[in-house]
Amino acid sequence: MPLSTESQTDNDQYILIASLDNARNLSNILKAISLKDHAIFNATQNGLKVTVEDSKCLQANAFIQTDIFQEYIIKEDAVGFQVNLTVLLDCLTIFGGSTVPGVCTALKMCYNGYGHPLTLFLEEGGVVTVCKINTQEPEEPIDFDFCSTNVTNKVILQSDSLKEAFSELDMTSEVLQITMSPSHPYFRLSTFGNSGNAHYDYPKDSDMMELFQCTKTQTNRYKMSLLKPSTKALALSCKVSVRTDVRGFLSLQYLVRNDDGQICFVEYYCCPDEEAEEE
């Protein structure tokens, strides 16, 4: 990879360096959380966590582990900054985001600390482009306090079955109602749109259901406008974990395989819109 020929002296000035042979492995997963312009980057020894939030009701996180990168150097325990995600995605796809086999855009992403830009070196076909994106001090992400010990219900589904459900439900509905129960209907998605009420049920022994752990009956509603961006992650994923906690907060965790078959995770947290009274 030509970008790796940069001198060691250049590397020494940065506190964070992350390189990929295929920039699509980063751009695709960032597109899956691109619900607002600004993204908070938090780099640690384990990799990158990128967070985007919407109106304190929705949080999307992308986790990119260190082994996804061909080179990953971090010189502090944690490095944080905020960038304009739209600008970053435009830069990552500056060569057009080619899907031609064997043609990849190589990426080297460098950051030199507070007040410095995020520098991208992008190379394709021997042409190198350098992009510098202004950074800001990162805001503190909302703590949704979604803790596994408070999870009451959890199912893991093949993503294809959830894609099918979303294609059949009425997306004019203002809310998506999720019912999870140890007894019938087990796992039900409901909408209330212009064409009437629609329900989509999953039997707990369905081939599409990889795990079913429900301890109590819960029915919660979530704003469809908040959940729609998560369909970007759904489209990329092969499995999805759906969890609710005692407060009715929703966690959607998507398992995404990149172009090289490596696994990354995208997680959405969403507040319930209103408490649905148990009938």
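The values are calculated or read from the model by the stated rules, or taken from the named source; none is laboratory data. Because the structure is a prediction, the values reported are computed rather than measured. Quick reminder, even Gly has a Cβ in these numbers, built from the backbone with ideal geometry, and neighbours come from all protein chains shown. For the accessible areas, the whole protein counts, side chains as well, though only heavy atoms, and no ligand, DNA or RNA atoms are used. Shrake-Rupley method; radii C 1.70, N 1.55, O 1.52, S 1.80 Å.
Structural remarks
- Neighbourhood charge, 9 Å Cβ-Cβ cut-off, centred on Ser181 and excluding it, Lys, Arg +1 and Asp, Glu -1: +2
- Based on DSSP H segments of at least four residues, each scored -39500 (n - 2.57), the chain has a per-residue ellipticity at 222 nm of -4000 deg cm²/dmol.
- Total formal charge among the other residues, if their Cβ is under 15 angstrom from that of Asn134, Lys/Arg +1 and Asp/Glu -1: -2
- Paramagnetic label zone (point 7 Å from Cα along Cα-to-C-beta, Leu211; backbone N under 11 Å) in the range 140-162: 154-157
- Per-residue ³J(HN,Hα) for the range 255-266, Karplus 6.51 cos²θ - 1.76 cosθ + 1.60, θ = phi - 60°, Hz, x for Gly and Pro: 9, 10, 9, 7, 4, 9, x, 7, 9, 10, 10, 10
- Relative protection proxy for 111-122, 21-32, from highest mean packing down: 21-32, 111-122 (other beta-carbon atoms within 10 angstrom).
- Whole-percent carbon and sulfur share, accessible surface of the chain, 1.4 Å: 46 percent
- Computed over the chain, the ratio Rg/Rh where both radii use C-alpha atoms and Rh is Kirkwood: 1.02
- Prolate/oblate/rounded label for the range 137-279 (Cα gyration tensor, a/c 1.5): rounded
- Across the protein chains, with a 1.4 Å probe defining accessible surface, the residues Val83, Val151 rank Val151, Val83 from largest area downward.
- As an equivalent ellipsoid, the range 201-279 spans semi-axes of 25, 17, 10 angstrom, where each value is the square root of five times an eigenvalue of the C-alpha gyration tensor, largest first.
- Selection from Gln177, Leu255, Asn220 lying farthest towards where the dipole of the range 126-279 points positive, charges on Cβ: Leu255
- Net charge dipole size for the range 36-94 [Lys, Arg +1 and Asp, Glu -1 on Cβ; Debye, nearest 20]: 120 debye
- In the range 132-279, lysine pairs closer than 27 Å at Cα, eight or more apart or cross-chain: 24
- The local environment of Ser148, defined by Cβ-Cβ distances under 12 Å, has a net charge of 0 under the rule Lys, Arg +1 and Asp, Glu -1.
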